[in-house]
Amino acid sequence: MTRQLILSAAAAALVSGAGAVHADDLTLCWAAWDPANALVELSKDFEAQSGHKMSFEFVPWTSFADRMLNELNSGGQLCDLMIGDSQWIGGAAENGQYKKLNDFFAAEGISMDDFIPATVAGYSEWPKGTPNYWALPAFGDVVGWTYRKDWFARPELQAEFKTKYGHDLAPPKTLDELKQIAEFFQNREIDGKTVYGAAIYTERGSEGITMGVTNILYNYGFEYQNPAKPYDLQGFVNSPDAAKGLEFYKSLYDCCVPPGSSDWYMSEDIDAYKSGQVALQMNFAFIWPGVNADPNVGGDKSGYFPNPAGPKGHFAQLGGQGISVVSNTNSPDAALQYIKWFAQPEVQKKWWEMGGYSALKSVVEDPGFATSQPYAQTFLDSMAIVKDFWAEPAYASLLLAMQQRVHNYVVAGNGTSQEALDGLVADWTEIFEDEGKF
């Protein structure tokens with residue numbers, strides 16, 4: 001009884017802010033999607049343990065970057081914590097919008113060696129390749145593929161496919177095999193309904209088509225710059241092999257997508273797949289829990305595979321985000337408490353169980369992880385091959401230029417792939433000149 005009274009008094013003091021404990025109201029900003037809803041539920045544990053109250057500002061992906069980058073650039077105080085996109089890290093660091101976390105990590109015994117290396121490089125570091133940390137890896141994500149496992153398993157389709165292509169109808173290992181599958185299903189009738197090959201990213205307004213195209217370009221030899229000379233773009237961004245990769249993406253768009261899919265991103269691809277329109281779906285890994293639980297396509301009806309290899313490599317576009325403390329917060333200590341709480345192994349394990357994608361090694365390297373969900377092994381395989389878009393402070397201008405160039409070629413059919421990439425080199429060179437990089 002005495003112990004219970006002491007614990008009750010301590011809890012009351014924590015919640016009320018009595019003594020040395022101060023209860024703050026914290027606002028966490030992120031995109032509006034299923035993982036954010038899971039984080040709301042997870043954060044109830046933090047509220048109960050700390051006495052702080054959590055509020056959330058979630059913005060749809062199509063306007064997420066505009067809304068939150070405007071918030072940071074204007075010096076607003078809406079957000080105490082920000083789960084910002086990986087590409088923002090350079091600008092947020094150099095412009096003093098995120099707090100540097102090195103001293104905090106050292107004081108609390110939080111080691112970046114405990115997280116998947118690709119997520120540390122992608123979400124936390126600036127400058128890249130240096131031990132300067134501005135975020136804790138929060139949500140590991142990568143572009144992968146979902147497929148109709150039940151359609152693939154039909155004996156008559158297996159026989160027809162093998163006769164036509166000389167190998168089994170199975171998850172593709174190469175991009176050429178992926179295109180064969182998409183062509184095979186395009187305009188096919190299944191269960192009395194016309195279906196199509198693949199839902200891919202084509203959206204122009206934010207980042208969609210860039211996130212799609214890069215999955216092909218990387219595997220055809222595209223490089224953002226000369227590895228030996230930063231910001232040297234000529235012959236790397238627009239190499240002949242990279243131009244072939246862009247041609248491949250256009251060919252996939254021309255042959256194998258549903259009608260009217262000229263401006264599709266995450267939600268449109270999800271809708272097409274769940275409604276039974278397509279055999280293959282390109283999308284970030286965050287969708288897989290929802291697919292697995294879906295009454296129409298979930299369970300054994302769906303399978304998952306990493307982005308296939310190309311003739312010059314095997315990579316996939318990194319997604320995901322780190323969680324940062326916004327410099328303008330009025331509650332820095334409470335915000336750091338949240339980071340400390342979120343970094344705990346038991347919290348990260350629960351995060352995975354609730355539909356979040358933990359980047360903590362102790363979670364993903366657990367012997368039971370790979371079989372914990374039907375898509376867990378694919379997540380591990382995919383995170384091992386990631387590359388990311390520019391994280392430069394001029395990220396938004398770089399992205400806008402690429403969106404325009406590749407959409408005009410892939411979807412609108414303007415010019416050649418080589419002309420599109422040559423134009424992109426000119427755009428990016430001008431941006432970097434304005435940034436004083438030369």
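Annotation: of all residues in the stretch 214-228 being free of Cβ contacts under 8 Å to residues at least 40 places away in the same chain and aliphatic (A, V, I, L, M), the one that is most open to solvent (accessible area, probe 1.4 Å) is 228. Hey, could you check the stretch 34-72 for residues that are among the small types (Gly, Ala, Ser) and modelled with pLDDT of 95 or more and say which is farthest from residue 355 (Cα to Cα)? Across the stretch 34-72, the extreme among qualifying residues is 51. Restricting attention to the stretch 150-187 and to residues that are closer than 27 Å to residue 220 by Cα and among the polar types (S, T, N, Q), the residue that is surrounded by the most Cβ atoms within 10 Å (Cβ to Cβ) turns out to be 180. Among residues of the stretch 333-357 that are in contact (Cβ under 8 Å) with a residue 12 or more places away in the chain and under 21 Å from residue 287 (Cβ atoms), those with a Cβ under 9 angstrom from a residue that is open to solvent by 20 Å² or more (accessible area, probe 1.4 Å) and among the acidic types (Asp, Glu), sequence gap 6+ or separate chain, pair up as 350/45; 354/41; 355/34. Looking across the stretch 355-376, the residues that are open to solvent by 10 Å² or more (accessible area, probe 1.4 Å), out of contact with any strand residue (DSSP E or B) (no Cβ under 8 Å at 6 or more places or on another chain), at pLDDT 95 or above and part of a loop (DSSP other than H, G, I, E, B) come down to 365, 366, 367, 368, 370, 371, 372, 373. Considering 115, 58, the condition of being touching a residue at least 12 places away in the same chain (Cβ under 8 Å) and open to solvent by 20 Å² or more (accessible area, probe 1.4 Å) is satisfied by 58 alone. For the stretch 41-57, a residue qualifies if it is outside any strand (DSSP E or B) and polar (S, T, N, Q), and the qualifying residues are 43, 49, 50. How many residues does the stretch 377-412 contain that are assigned to a loop (DSSP other than H, G, I, E, B), touching a helix residue (DSSP H, G or I) at 6+ places or on another chain (Cβ under 8 Å) and open to solvent by 40 Å² or more (accessible area, probe 1.4 Å)? Number satisfying all stated conditions: 2.
Among the residues of the stretch 76-106, those that are without any contact (Cβ under 8 Å) to a residue 60 or more places away in the chain and hydrophobic (A, V, I, L, M, F, W, C) comprise 78, 93, 105, 106. When 269, 263 are checked against the criterion of being over 23 Å from residue 382 (Cα atoms) and within 20 Å of the chain's Cα centre (by Cα), a single residue qualifies: 263.
For residues that are among the hydrophobic types (A, V, I, L, M, F, W, C) and either farther than 12 Å from residue 213 by Cα or over 23 Å from the mean Cα position of the chain (by Cα) (or both), tally how many sit in the stretch 225-255.
Within the stretch 225-255, the subset among the hydrophobic types (A, V, I, L, M, F, W, C) is 228, 233, 236-237, 242-243, 246, 248, 252, 255.
Next, from what is left, pick out any that are either farther than 12 Å from residue 213 by Cα or over 23 Å from the mean Cα position of the chain (by Cα) (or both): 228, 233, 236-237, 243, 255.
Residues that pass the stated criteria total 6.
Would you point out the residue of the stretch 111-152, among those that are of a type in the set (Gly, Ala, Ser) and outside any strand (DSSP E or B), that is nearest to the chain's Cα centre (by Cα)? Even if it seems obvious, please write down each step before you answer.
Looking only at the stretch 111-152, we keep the residues that are of a type in the set (Gly, Ala, Ser), and these are 111, 118, 121-122, 124, 129, 135, 138, 140, 144.
Among the residues that remain, those that are also outside any strand (DSSP E or B) are: 111, 118, 121-122, 124, 129, 135.
Working: 111: 23, 118: 12, 121: 14, 122: 10, 124: 14, 129: 20, 135: 16 Å.
Here the answer is 122.
Across the stretch 381-396, what is the number of residues that are touching a Pro at 6+ places or on another chain (Cβ under 9 Å) and of a type in the set (Ser, Thr, Tyr)? So the count comes out to 1.
Evaluated against (1) more than 23 Å from residue 62 (Cα to Cα); (2) under 17 Å from the mean Cα position of the chain (by Cα); (3) of a type outside the set (Asp, Glu), residue 416 falls short on exactly one condition, (2). Each residue in the stretch 413-432 was checked for being polar (S, T, N, Q), in contact (Cβ under 8 Å) with a residue 60 or more places away in the chain and open to solvent by 10 Å² or more (accessible area, probe 1.4 Å), and 3 pass.
Restricting attention to the stretch 80-110, the residues that are open to solvent by 30 Å² or more (accessible area, probe 1.4 Å), part of a loop (DSSP other than H, G, I, E, B) and not small (Gly, Ala, Ser) add up to 3.
For every residue, the table says whether it meets (1) in contact (Cβ under 8 Å) with a residue 24 or more places away in the chain; (2) among the hydrophobic types (A, V, I, L, M, F, W, C).
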| position | (1), (2) |
| --- | --- |
| 244 | yes, no |
| 248 | yes, yes |
| 255 | yes, yes |
| 262 | yes, no |
| 272 | yes, yes |
| 288 | yes, yes |
| 295 | no, no |
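The values are calculated or read from the model by the stated rules, or taken from the named source; none is laboratory data. Fair warning: this is a prediction, and the values are worked out from it, not measured in the lab. Don't worry about glycine lacking a Cβ; one is built from the backbone with ideal geometry, like all the others, and counts go over all protein chains shown. We work out accessible area using only protein heavy atoms, side chains counted, and drop any ligands, DNA or RNA first. Shrake-Rupley method; radii C 1.70, N 1.55, O 1.52, S 1.80 Å.
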